[in-house]
Structure formats: structure tokens, C-alpha cells
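Colleague: Please see the structure below; I have some questions.
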Amino acid sequence: MKTAFLDYKTVDPGDLDLSPLRKIAPNLILHDKTAADEVNKRIEDAAIIIINKIKLDATALHQAKKVRLICLVATGTDNVDLIAAKEQGITVCNIKNYCTDSVAQHVVLSMLALSHHFDEYQVSLKQGLWQKSEQFCLLEYPITELSSKTLGIVGLGVLGKAVANLAVSFGMRILVAESFKPENSNKSTEQQKPEFKRVPFQDLVAQSDVVSLHCPLTAETKGLFDLQAFKTMKKNALLINTARGGLINDKALLYALENKLIAGAALDVLDREPPAADHPLLTSGLPNLIVTPHIAWAAKEARQRSLDEIAKNIACYLKGEPRNVVTG
């Protein structure tokens, strides 16, 4: 049974153990990357397809007559036409909770880097300002503690809860934005810690010292952080986004940072990835903006876990007991 991994290098640059996957899928074919015009050829005789960021639309799926299982190296399912897959009897499985710790520690790292002005102090050091200082330390930029500050979580799923739990250990107060979907607004919060108070979105952005985004990109959340949201935020507020780039209006963010409507932002995702070389958020040169190349999820342990979870999904499917099925 042929298994084709269409974009293997998005997960493994060469430091992972592939043996669990090869054991369950001995006829595994690895493709470092797959262009859109190569997809049909590479899946036409495969029974199992593994993808991370490759898109499989209805046209591609209708031509893949032998495909029985699609394994997503991700939790999100937007790269596959699930309706078309179900119509053709193709099972689609995702993976869950594989990068929770990696993302959570990246969020905390971002909060600390911004609140301690790491980038600015590194620049000062390279410019020799500490070496020339008349004092034992350099106090160019004000450092703030996280303790007693308020962290606003937008999207209290597994990732949001993990970040909130770490923030509590720093002595932070937690606020959670109410659901953007009316049918979920009255959902029980019995399993939440007492500190996790739910408030309307506008109240959250007005009260939070740090806002961390963990919600999906939907019609309700696209461009959620616009100029009005930034004007509502505290002047000392920090914004952290490890979710989806489209949650933030880029022009509004640049304006907010340039005009000190907020104190700083750390982004691990952009609206288009990879971004263009002239993307305004990459060329702004703003000292209070940190951009990382979508690596919050990518700790070695998390990437290894993703492959191991794919192996488990395939093994369960072959036993007739599929897990993590998203096709209903």
C-alpha cells in the first residue's frame, strides 16, 4: 500500500526519527515539497496521503481514485475539501495537542522579550553603549514585570489554556474573551480555573496588559484587531499572535506601533506565508515589533510527536479503528 508524504521538509529538516512511520507504512514515498501542478501525479496511485500545507481540493480528490486515507500533519483542516473527501469515501484524520508546550513557551518567550526589551538591549550592546556606560548597568529602556499584570486570552482551547496556566505561574491575572459565536456564548465554564474570567472582547482589549491570540480564523475573527481595537487597548499593552495572521489588520498594527497606541507586538504568523520580501511588517524596522517565521509550533519534540501521531493514525485506520477523524 503506497503512502505519499507530499511536503515532508515542512516537518523534518533532517533531525527526526522516521522509523515509527516507516514501520507502519513500509512503502512510504517522501517528497520534500510538491508544487500545485505536481499534486495529481503524486497522489494518483497512493492509498494514503500525508500532507502539512498542501491543498487538496475537490478536483484533485476526484482524480485520486486509489486514495483511502489522508493524514494531516496539523490540527486545522482547511487545506482539504472535507465534503469532497467524504463523498468519495476518503477518511481524513488530523493530529491534536502535538505542539501545545512548544507554542505556549514561545508565547511566554515573546512576552518576556518585549517586556524586557531584549532586541533593543542587544542593539545597544553591539553599539558599545554598555561598554561606555558610567554605571554598572544600562537602563535605556524600562523593564516591566509580568506579575500582577493582566493577560487576555482570545481563544481558550488547549493552547490558550496552556498559555494561561504558564501565565498564572508568573502571577498574572487571566481574562478570556467570550465566544464570537452566539451559540457558544453560554457554554459552561465549570472546568476553567476561577482566575479565568470571561468578558466581552472589547472589555478584554481595554483591560489587558498582554493579549495572546489562539482563536481560529473565521468570518467573525478576520481582521479582529483593527484600528478601533488598537485604540481601545492600553498604551502599555503587548499583542502576541501565534494563531493566524489574518486575525490582525497589518496596516492598523503598523499605525498602532508607530503612534504608540500599544507598546509592542510579537507575531509568529502573517496573512501570507512565506511573506513577500517587501512585506511592510518585515521592512518597518520598528524596535517594538518582533516577527518570527512561524516557528512557535516547531520544537523538535513537537515535530517528532507529529510524525508519531501520524503513524498512530495510520495504524488505527489499518486496524479498522480510525482515530482523529474529521470527515464525520
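Colleague: With each pseudo-label sitting 7 Å past Cα toward Cβ, what's the A299-K319 distance in nm, one decimal?
Modeller: The two pseudo-label positions are separated by 2.8 nm.
Colleague: Could you calculate the FRET efficiency of F170 with Y141 from 1/(1 + (r/R0)^6), where r is the beta carbon distance between them and R0 is 25 Å, rounded to 0.05? Intermediate results must be reported in sequence, preceding the final value.
Modeller: Details: r = 20 Å, r/R0 = 0.79.
The pair F170/Y141 has a calculated efficiency of 0.80.
Colleague: Please give the Cα centre distance for segment 197-273 versus segment 3-69, rounded to the nearest Å.
Modeller: 35
Colleague: Which of the aspartates and glutamates could a cross-linker span from K86 if the Cα-Cα distance has to be under 14 Å and same-chain partners fewer than 8 positions apart are dropped?
Modeller: D57
Colleague: Given a 10 angstrom Cα cut-off, can you work out which residue in Q304, Q127, Q207 is the most mobile in a GNM of the chain?
Modeller: Its mean-square fluctuation being the largest, the pick is Q127.
Colleague: For segment 104-135 and segment 293-328, what is the separation of their C-alpha centers, rounded to whole Å?
Modeller: Measuring centre to centre over Cα atoms gives 37 Å.
Colleague: Here's another thing I want to ask about it. Just subtract the alpha-carbon distance of L227 and K23 from 0.36 nm times their residue separation and send over the number in nm, one decimal. Mind showing how you got there, number by number?
Modeller: Working: separation 204, 0.36 × 204 = 73.44 nm, distance 5.21 nm.
Extra length available between L227 and K23 comes to 68.2 nm.
Colleague: What full-extension length gain, to one decimal in nm, is calculated for Q88 and S148 as 0.36 nm per residue of separation minus the Cα-Cα distance?
Modeller: Values: separation 60, 0.36 × 60 = 21.60 nm, distance 5.41 nm.
Taking Q88 through S148 to full extension adds about 16.2 nm, to one decimal.
Colleague: Separation between the T292 and L30 pseudo-spin-labels, each 7 Å from Cα along Cα→Cβ, expressed in nm?
Modeller: Each label point lies 7 Å from its Cα, and together they span 2.5 nm.
Colleague: So, in nm, how far is label T77 from label Q105 when the simple model puts each one 7 Å beyond its Cα toward the Cβ?
Modeller: Simple spin-label model gives 3.1 nm for this pair.
Colleague: Right, next: For segment 100-291, what is the Kirkwood hydrodynamic radius in Å, using each pair of distinct C-alpha atoms?
Modeller: Details: mean 1/r = 0.0576 Å⁻¹.
Hydrodynamic radius (Kirkwood, Cα pairs) of segment 100-291 is 17.4 Å.
Colleague: For T150, what residues show an amide H to amide H distance below 5 Å, using hydrogens built from the backbone and excluding near sequence neighbours?
Modeller: Close amide H contacts, sequence-distant or interchain: R173, D209, V210.
Colleague: Placing +1 at every Lys and Arg Cβ and -1 at every Asp and Glu Cβ, with all other atoms neutral, what dipole size does the chain have around its Cα centre, in debye to the nearest 20? Working shown, then result.
Modeller: Working: 38 positive and 37 negative charges, 143 e Å.
With only Lys, Arg, Asp and Glu charged at Cβ, the dipole is about 680 debye.
Colleague: Right, next: Give me the percent of DSSP beta bridges within segment 179-328 that run antiparallel, rounded to the nearest 5.
Modeller: Values: 0 of 12 bridges.
That works out to approximately 0 percent antiparallel.
Colleague: Would you pull out the residues with amide H under 5 Å of A237's amide H, same chain only if 5 or more places away, H placed 1.01 Å from N?
Modeller: Hits under the 5 Å cutoff: A263.
Colleague: Okay, next question. Place +1 on the Cβ of every Lys and Arg and -1 on the Cβ of every Asp and Glu in the chain, take the dipole about the Cα centre, and give the residue among T91, T77, F118 whose Cα lies farthest towards its positive end.
Modeller: T91
Colleague: Relative to the first principal axis of the alpha-carbon coordinates of the chain, what is the inclination of helix 100-115, with its axis defined by its Cα atoms, in degrees from 0 to 90 and to the nearest 10?
Modeller: 20
Colleague: Let me ask you something else. Could you name the aspartates and glutamates whose alpha carbon sits less than 16 Å from that of K53, not counting residues in the same chain fewer than 8 places away?
Modeller: The qualifying aspartates and glutamates are D7, D12, D32, D37, E38, D78, D81, D271, E273.
Colleague: For the chain, with the dipole built from +1 on Lys and Arg beta-carbon atoms and -1 on Asp and Glu ones, taken about the Cα centre, which of Q304, L139, A35 lies farthest toward the positive end?
Modeller: Q304
Colleague: Quick check for you: which residues of segment 64-95 have the amide N under 15 Å from the point 7 Å beyond the Cα of K2 toward its beta carbon?
Modeller: From segment 64-95, the list is 64-69.
Colleague: Which length gain, in nm to one decimal place, applies between S124 and K55 when the Cα-Cα distance is subtracted from 0.36 nm times their residue separation? Before the final figure, lay out each step's value.
Modeller: On the way: separation 69, 0.36 × 69 = 24.84 nm, distance 4.44 nm.
So the extension gain works out to 20.4 nm.
Colleague: Compute the long axis of helix 158-169 from its Cα atoms, compare it with the longest principal axis of the Cα atoms of the chain, and write down the angle in degrees, 0 to 90, nearest 10.
Modeller: Compared with the principal axis, the helix lies near 30 degrees.
Colleague: Any idea what % of Cα-Cα pairs in the chain are farther than 27 Å? Don't skip to the answer; put the middle values down first.
Modeller: On the way: 27685 of 53628 pairs.
When all Cα pairs of the chain are counted, 52 percent exceed 27 Å.
Colleague: Further, regarding this structure: Out of V176, V168, V39, any idea which swings most in a Gaussian network model of the chain, alpha carbons joined below 10 Å?
Modeller: V39
Colleague: Just the number, please: percent antiparallel of the DSSP beta bridges in the chain, rounded to the nearest 5.
Modeller: Working: 1 of 38 bridges.
Here the antiparallel bridges make up roughly 5 percent for the chain.
None of the figures in this text is laboratory data; all of them are computed from the coordinates on show. What you see is a predicted model; the values in this text were computed from it and never measured. Ideal geometry is used to build each Cβ from the backbone, glycine not excepted, and the neighbour counts take in all protein chains shown.
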